[in-house]
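Take a look at the structure set out below.
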Amino acid sequence: MSTAKWANLLRLSPAAIHTALRSINSFSGILLRNQSATHSAPLRLRRLDVYDYHQLMQVFSQSNDCDSVIRVLRRMKNTNCNPDVYCYTAAMKSLASCSRPWDAIAMFHEMIDSGLTPTLYCYTLLIKIYSCHLQQFDSAFAVLNLMLNQECEPNVVTYSTLITGLCKAGRIEEALNLFDDMVQRGCFPNAHTYAPILRAFCSEGRIQEAKELIESMSTNGCQPDVVIYNILVYGLCKIGDFDEVERVISASKINGWEPDSFTYSTYIVGLCHAGKAQEALWQLDGMIQKDLKPTTIGLNILLEGIGREMNVSTSRVLLETCGILGFDVDIVSYNTVMSQLCDMERWVDVLNLFVDLFKKGLQPDTYTFNILILCLCKAGEIGMVSSVCQFNGFVPDLVTCDILLREYYVSGGVRELDFVFSYLRRGDIVPNMLFYGTIVDCLCKSGRIFEAVTLVRNIENGYPAYPVSRLTYWLVRMQKIGDVIMLIEEMLKKGLVLESRIFNQMIRAFCRKGFCGTTNISLVEYLLDRMLGTSW
């Protein structure tokens, strides 16, 4: 019985089942299978065999715990239970899925050194690692040739795997050559072979070749299905040939396939990207009539397109009726419409949607809170922001602090700035240089010059150009010329180069103070000479 079935039967999570299996594995053996419950003999334990270890490796592999998979393999060796090719293959697969391709290759060589002969599946997995994970195609082809030399005939999965890797790397011509080779060897392609080639053609806009490839599928005994045609629809949408999309969908019954949710969702996304939100909305109406539901990603892009091209009210109505229509929405759906409403200064509607998402069982993310915070600030409800920031589960980011700083800066808030700085002092957020510049602006405007100067001095790597330019601007505006000279000389002593933006901001500040049109211009010249390292 699988872990998932055990979990369902025992009403435990798969993680709990895995923990139980680890506990069972800690014993030196397991109960003898089929032992009678009424047997009067003492309870006997038996040693784990290769099958038991392999099953345990599979459990750990399914939970992406590759370290435990390797520990099981090492334990086998330590207990003189030699791993077979299937155990090594399971270890390779687990390592590859954990983004450790080189360790997987090392495991393959360890298997060879143990005297084991790789199976067809093992060779195919190695080809996948070389081609799809590492894009080392010379090595992948070397493995393919090794298989042929050892009379281990590659099958359609082997060829399809290598073709997929080549197509993902944009090496379509090599993929086509390999395709021809497999057909000549009597290995006939299936849909998994055609799909990556078709996807590569469509990604490069080679639609005519994509159509010809689909036509050739029937000739080779492989009937194109909805997955194949969905790839073609994607390619047509990418080049904006929506008339051809309509023809492909209209001819679906004749060609033996039926459009599904992915077909129409792809079409809707393509229309939205082309600025045709109204046409996309018509396609959604057609889906509803066919009892189809759009993918969540497709729906989110449609909501964004409607709000951008049509009106926010329509996107809001669509979002609010998704439950009635049975559409699956996520937090991105709400973020999209809330952001549109915020841009339109419809603060009450933003708050209503924020409340509604909880009723739908959704959890807001940081982006949701950032929209709400910006909404409250713009609505003049800055006093409520601190309560929002203390909401359970809210994790502020750099955007949060930037919103707060800018809004407090505009409103002239001073006390609230300390609330923002508390996030920075805890080290939860690492500011960038633009953010540091905003902090300098806020500190200087609130009269906290000493803190602004100290901040600039203590920024990692010291005196970055943008914060320095903002600081010099404010120091000049406040006529603290001595502090400007001291700051410039500190930078020059450290061998730092004064960037042009520092000069620009300082000159701009002098001009705003009226220095440039009076006899005080000499002070400006003096400062410029000091900055250039020229003595009077």
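If you average the sequence gap of Cα pairs under 8 Å that are 6 or more apart and divide by the length of the stretch 442-536, what percent do you get for the contact order?
After rounding, I find 25 percent.
Tell me whether the chain comes out rounded, prolate or oblate; compute the Cα gyration tensor, take square roots of the eigenvalues as a ≥ b ≥ c, and use a/c under 1.5 as the rounded threshold.
Prolate shape, in that a/c is at least 1.5 and a/b is the bigger ratio.
Under a point spin-label approximation (7 Å from Cα along Cα-to-Cβ), what is the residue 50-residue 508 distance to one decimal in nm?
7.5
Based on DSSP loop calls and a cut-off of at most 15 other Cβ atoms within 10 Å, the longest stretch of the chain free of exposed GluC sites (Glu not before Pro) is what?
1-150
Kindly provide the trypsin sites (Lys or Arg not before Pro) of the stretch 91-195 that DSSP labels as loop, not H, G, I, E or B, and whose Cβ sees at most 14 other Cβ atoms within 10 Å.
185
Can you give the Rg and Dmax of the stretch 122-270 based on its C-alpha atoms, in angstrom?
Radius of gyration, then largest Cα-Cα span, for the stretch 122-270: 16.4, 52 Å.
Let me know the charge dipole size of the chain about its Cα centre in debye, to the nearest 20, where only the beta-carbon of Lys, Arg (+1) and Asp, Glu (-1) is charged.
Charge dipole, the chain, about its Cα centre: 1840 debye, nearest 20.
What nm value, rounded to one decimal, do you get for the distance between residue 458 and residue 119 when each label is placed 7 Å out toward the C-beta?
For residue 458 paired with residue 119, the spin-label model returns 6.2 nm.
With an 8 Å cut-off on Cα pairs and a minimum separation of 6 or more residues, tell me the relative contact order of the stretch 323-402 in percent.
The value is 29 percent.
Please work out how much length the chain gains when fully extended from residue 448 to residue 274, using 0.36 nm per residue of separation minus the C-alpha to C-alpha distance, in nm with one decimal.
Taking 0.36 nm per residue and subtracting the Cα distance, the gain is 57.7 nm.
Using the structure shown, list the pairs from 293/360; 480/513; 168/290; 168/238 with a Cα-Cα distance above 23 Å, or answer none.
In this structure, 168/290 exceed 23 Å between Cα atoms.
Apply the Karplus parameterisation 6.51 cos²θ - 1.76 cosθ + 1.60, with θ equal to phi minus 60°, to every residue of the stretch 48-65 and state each ³J(HN,Hα) to the nearest whole Hz, in sequence, with x for glycine and proline.
My calculation for the stretch 48-65 gives 5, 9, 4, 4, 4, 4, 5, 4, 5, 4, 5, 4, 5, 5, 5, 9, 6, 9 Hz in order.
Just grab the label-to-label distance for residue 98 and residue 169, each label 7 Å out from Cα along the Cβ direction, in nm (one decimal).
2.6
In whole Å, what are the extents of the stretch 442-536 along the principal axes defined by its C-alpha atoms, from largest to smallest?
On the principal axes, the stretch 442-536 reaches 38, 31, 20 Å in Cα extent.
Using DSSP to define loop residues, name the trypsin sites (Lys or Arg not before Pro) in the stretch 271-349 whose beta-carbon has at most 16 other beta-carbon atoms within 10 Å.
290
Under 13 Å from the Cβ of residue 375, count the other residues' Cβ atoms, weight Lys and Arg +1, Asp and Glu -1, and hand me the total.
Taking every other residue near residue 375 into account, the sum is -3.
Place a label point 7 angstrom from the Cα of residue 406 along the Cα-to-Cβ direction, then list the residues of the stretch 350-386 whose backbone nitrogen is under 18 Å away.
Only 366-382, 385 pass the distance filter.
Defining a contact as two alpha carbons under 8 Å apart and six or more residues distant in sequence, what relative contact order in percent does the chain show?
Computed over the chain, the figure is 4 percent.
For the stretch 248-295 and the stretch 352-383, what is the separation of their Cα centres, given in Å?
What the calculation gives is 32 Å, centre to centre.
Averaging over all projection directions, find the projected area of the Cα convex hull of the stretch 190-259 and quote it in nm² with one decimal place.
4.0
Checking the a/c ratio against 1.5 first, then a/b against b/c, what shape does the Cα gyration tensor give for the stretch 129-174?
Prolate, since a/c reaches 1.5 and a/b exceeds b/c.
Bear in mind these aren't lab numbers, they're just calculated from the coordinates by the rules spelled out. Given the structure is predicted, the values throughout are model-derived calculations rather than measurements. Reconstructed Cβ throughout: ideal geometry from the backbone, glycine too, with neighbour counts over all protein chains shown.
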